[in-house]
Amino acid sequence: LKDIVRRLSVEREQEYSYCNGDADDERAQIDGYIINPDNKVCGLQVKSDSYKSHNTVERNAPVKYVYYKLNPDGLSYEFNLDELVFVEKIQYEDVKEAAKVAEQQKKAKAEERKKRKEERVHKKSEKRKKTS
């Protein structure tokens, strides 16, 4: 984020800044925000270039994905500064809320699976007691 802000500030001759995401942002796959001079933001997700091979879908628009690669001479990344879309930060609230809902649904499904497994184990145990 720091390097992207530096590049933006130099290229566009304006002062940009950044902030890291909080827990809600991380849940929504937002690592941090680039902040333009008008105090609008562009959410970024930073991933290793090997992440591309995971067949995952880039989602949570308007989040921009940045892929980096570690080289012997430092860090490089694929990123087009012209693709940044700056919006009011409030527009990310829907993305973050959707991520919360998805996480809650995932937890509920995991709890349901755990409960069914415990029931199966209990039934097997009861069956063994009856046959002994």
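The values are calculated or read from the model by the stated rules, or taken from the named source; none is laboratory data. The structure displayed is predicted, hence computed values, not measured ones. For neighbour counting, all protein chains shown are included, and Cβ atoms are generated from backbone atoms with ideal geometry for every residue, glycine included. We work out accessible area using only protein heavy atoms, side chains counted, and drop any ligands, DNA or RNA first. Shrake-Rupley method; radii C 1.70, N 1.55, O 1.52, S 1.80 Å.
Couple of notes before you dig in:
- Residues of region 15-29 satisfying the condition of being out of contact with any Lys or Arg (no Cβ under 9 Å at 6 or more places or on another chain) and either hydroxyl-bearing (Ser, Thr, Tyr) or touching a residue at least 40 places away in the same chain (Cβ under 8 Å) (or both): Ser17
- Region 12-22, residues that are part of a loop (DSSP other than H, G, I, E, B) and open to solvent by 90 Å² or more (accessible area, probe 1.4 Å): Glu13, Glu15
- Scanning region 98-123 for residues that are open to solvent by 90 Å² or more (accessible area, probe 1.4 Å) and modelled with pLDDT under 85 gives no hits.
- Positions within region 1-11 being touching a residue at least 12 places away in the same chain (Cβ under 8 Å) and either more than 20 Å from Lys89 (Cβ to Cβ) or surrounded by 11 or more Cβ atoms within 10 Å (Cβ to Cβ) (or both), in sequence order: Leu1, Asp3, Ile4, Val5, Arg7, Leu8, Glu11
- Whichever residue in region 23-71 is part of a loop (DSSP other than H, G, I, E, B) and modelled with pLDDT of 90 or more and, among such residues, is farthest from Leu8 (Cα to Cα): Asp31
- Residue count, region 77-97 (criterion: surrounded by 13 or more Cβ atoms within 10 Å (Cβ to Cβ) and not hydrophobic (A, V, I, L, M, F, W, C)): 5
- Restricting region 36-45 to residues that are more than 27 Å from Val101 (Cβ to Cβ) and touching a residue at least 24 places away in the same chain (Cβ under 8 Å), the residue that is surrounded by the most Cβ atoms within 10 Å (Cβ to Cβ): Asn36
- Among the residues of region 79-132, none is identified as of a type in the set (S, T, N, Q) and touching a strand residue (DSSP E or B) at 6+ places or on another chain (Cβ under 8 Å).
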